[in-house]
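Some notes on the structure that comes next.
Since every read-out is calculated from the coordinates, none of them should be taken as a lab result. Everything numeric in this text was worked out from a predicted model, so none of it was measured. All Cβ positions, glycine included, derive from the backbone under ideal geometry; neighbour counts span all protein chains shown.
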Amino acid sequence: MTRELNKWAFTLDAQQCTGCKTCMVACKDKNNLALGLRWRRVAEYCGGQWMPLPDGTFMQDVFTYYVSVSCNHCMDPICTQVCPTTAMHPDENGIVTVDQGKCMGCRYCEWACPYGAPQFDADAGRMTKCNFCEDYLSEGRSPACVSACPTRALGFGPWDELEKDARSQPDIAPLPDIKITTPCSVLVPHRMSRTQDDVTGTIANPEENKDA
């Protein structure tokens, strides 16, 4: 797929993320999200074990790290492909949004997205999702989650510039295979990060990350 030169993308330095969830709270507050709606989530991925040695001592390979996840406004957004009404669509900057006038709440986009980005608002009967704080961008401001991050682990910028970051390793656990949607995000891995196909770890807070 052709890559838009003016496309916005999020960045996450997992080495700097402490799992404080300030980004998640800022997103909910800015967008006045209903109970249960979380456009940005923070997954705690951990695993490993303590292993006894012949001399009676122990060694361990225990690990844990955090991954802040929202909509990646992908290059190949599967949510737009399955939407029967074209309510889910990308704008001129590649930001995927929901046309509330067209959305009929079928939830096809929610089921198709490997990141669980589209979320159903039961009160409105419509789908909702991260819109990259388009109103803030139009005012020259940063998205709420980025501004709120106390360690500056979150960032954003033009995709065509950010993707050149040689430190990027977007296929880390517990995120899905990047080949599914080609996410527009740059992720600098934690020193303990496992690859996407890792089966040694688990998400410690699954109730907050049903689709992460």
Highest first, please rank the peptides 128-134, 118-124, 60-66 by the mean number of other Cβ atoms sitting within 10 Å of their residues. 128-134, 118-124, 60-66
Only helical DSSP H runs with n ≥ 4 go in: add -39500 (n - 2.57) per run for the chain, normalise by residue count and round the 222 nm mean residue ellipticity to 500 deg cm²/dmol. -3500 deg cm²/dmol
Inter-label distance, nm, simple model (7 Å from Cα along the C-beta direction), Thr85/Thr195: 4.3 nm
Amide H partners (placed H, <5 Å) of Phe156, local residues excluded: Thr11
10 Å-binned pair-distance histogram of the chain (Cα, whole percent): 8, 33, 36, 15, 4, 2, 0
List the residues, sorted by chain then number, that are 5 or more residues from Phe120 or on another chain and whose placed amide H is less than 5 Å from its amide H. Thr128
In the range 1-73, which trypsin sites (Lys or Arg not before Pro) are in a loop and have at most 12 other Cβ atoms within 10 Å, using DSSP for the loop call? Arg3
Magnitude of the Cβ-charge dipole of the range 149-212, K/R +1 and D/E -1, about the Cα centre, nearest 20 debye? 240 debye
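Of Lys7/Lys129; Lys102/Lys164; Lys7/Lys28; Lys102/Lys179; Lys30/Lys164; Lys129/Lys179, which ones are farther than 27 Å apart at the Cα?
On the way: Lys7/Lys129 18 Å; Lys102/Lys164 37 Å; Lys7/Lys28 24 Å; Lys102/Lys179 29 Å; Lys30/Lys164 31 Å; Lys129/Lys179 21 Å.
Pairs exceeding 27 Å: Lys102/Lys164; Lys102/Lys179; Lys30/Lys164.
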Given 0.36 nm per residue, what is the gain on full extension from Thr202 to Ser168 after removing their alpha carbon distance, in nm? 10.0 nm
Could you identify which residue out of Leu35, Leu12, Leu187 has the top mean-square fluctuation in a GNM of the chain using Cα springs shorter than 10 Å? Leu35
Got a sec? How would Trp159, Trp8 order by Cβ neighbour count within 10 Å, fewest to most? Trp8, Trp159
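Would you order Ile172, Ile203 from fewest to most other beta-carbon atoms within 10 Å of each residue's own beta-carbon? Walk me through the intermediate numbers first.
On the way: Ile172 20, Ile203 17.
Neighbour counts put them in this order, fewest first: Ile203, Ile172.
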For the range 8-85, take N as its residue count and report Rg(C-alpha) divided by 2.2 N^0.38 Å. 1.64
Here the FRET efficiency for Asp61 versus Ser147, based on Cβ atoms and R0 = 35 Å and rounded to 0.05, is 0.45
Just subtract the alpha-carbon distance of Asp76 and Glu139 from 0.36 nm times their residue separation and send over the number in nm, one decimal. 19.9 nm
How far, in nm, would the chain grow between Gln15 and Met104 when pulled straight, counting 0.36 nm per residue and subtracting the alpha carbon separation? 28.0 nm
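State to the nearest 20 debye the size of the charge dipole of the chain about its Cα centre, where the only charges are +1 on K and R beta carbons and -1 on D and E beta carbons.
Values: 20 positive and 27 negative charges, 58 e Å.
Using only the charged Cβ atoms, the result is roughly 280 debye.
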